[in-house]
Amino acid sequence: MDPDLSLIVGLGLGVLSVPALLSSISDARAPRSGGVVLLLAVALIVYAMLEKPGGYTLDELPNVLSTVVKRYL
């Protein structure tokens, strides 16, 4: 898998896991699904950081996002 794609998918999953985690915690339930999605997001982000030499900086994220969107749309 392309490191840029895994970074963007990981960031997207991380953002989507927050409402699930908050909903579970507010209803006094175990945050299973949100936790699994968050772990998957962290794994994808770590994979992307390890595969790209030098890693990513915050300044590169908009460029990476536009590159991935252009490539797959």
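The values are calculated or read from the model by the stated rules, or taken from the named source; none is laboratory data. Predicted model, so just to flag it, every value in this text is computed and none were measured. Note that each Cβ is placed from the backbone with ideal geometry, even for glycine, and that neighbours are counted across all protein chains shown.
Numbers below:
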quantity	calculated
Members of segment 23-49 found to be exposed (fewer than 13 other Cβ atoms within 10 Å of the Cβ) and modelled with pLDDT under 95, listed by number	I25, S26, D27, A28, R29, A30, R32
Hits in segment 23-46 - residues which are touching a residue at least 12 places away in the same chain (Cβ under 8 Å), among the small types (G, A, S) and either under 21 Å from I8 (Cβ atoms) or not in a helix (DSSP H, G or I) (or both)	G34, A41, A43
Selected residue (only one of T57, T67 is hydroxyl-bearing (S, T, Y) and in contact (Cβ under 8 Å) with a residue 40 or more places away in the chain)	T67
Which numbered condition K70 fails, given (1) out of contact with any helix residue (DSSP H, G or I) (no Cβ under 6 Å at 6 or more places or on another chain); (2) surrounded by 10 or more Cβ atoms within 10 Å (Cβ to Cβ); (3) of a type in the set (K, R)	(2)
